[in-house]
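Following: one structure in structure tokens, then a few remarks.
The values are calculated or read from the model by the stated rules, or taken from the named source; none is laboratory data. Model, not experiment: these values are computed from the prediction. Ideal geometry is used to build each Cβ from the backbone, glycine not excepted, and the neighbour counts take in all protein chains shown.
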Amino acid sequence: VMSEFEASPDAYFYRIPNLARNRQYSVWVVAVTAAGHGNNSEKITVEPLAKGTGSSKGNGSFIIRTVKAEDSGNYSCVASNNWGSDEVTLNLQVQGK
């Protein structure tokens, strides 16, 4: 099943709702202007992991499998609850072939 989501032009991240934990998803982005659609980015495979503590999959990890040089860039993690939110942005630089 394919779903399409639209983010505002000034957004640096988009949270995809209602993903099932421990399932794999293919994700890609494309820019759209009045002139039409641009080229699709490379597809990456992501897997939302189960919540919890003390588990190797319960630490809020975000997994990018078969990483490529094109995956280099800034990745943000946002945590929020009723009392507020916090965000950290990390820069991933993929080296090698």
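Of all residues in region 17-34 being part of a loop (DSSP other than H, G, I, E, B) and within 23 Å of E70 (Cβ to Cβ), which is modelled with the lowest pLDDT?
Residues of region 17-34 that are part of a loop (DSSP other than H, G, I, E, B), as a first pass: 17-24, 28-31, 34.
Retained after the next criterion (residues that are within 23 Å of E70 (Cβ to Cβ)): 19, 24, 28-31.
Details: L19: 83, Q24: 87, W28: 89, V29: 88, V30: 89, A31: 87.
Across region 17-34, the extreme among qualifying residues is L19.
Pull out all pairs, ordered by first then second residue, where Cβ-Cβ is under 7 Å, the residues are six or more apart or on different chains, the first lies in region 5-26 and is without any contact (Cβ under 8 Å) to a residue 12 or more places away in the chain, and the second is hydroxyl-bearing (S, T, Y).
Listed pairs, sorted by first residue: F5/Y14; A7/Y14.
Which of the residues spanning region 64-96 are within 19 Å of S41 (Cβ to Cβ) and outside any strand (DSSP E or B)?
If the condition is that a residue be within 19 Å of S41 (Cβ to Cβ) and outside any strand (DSSP E or B), then T66, V67, K68, A69, E70, D71, S72, Q93, V94 are the ones that fit.
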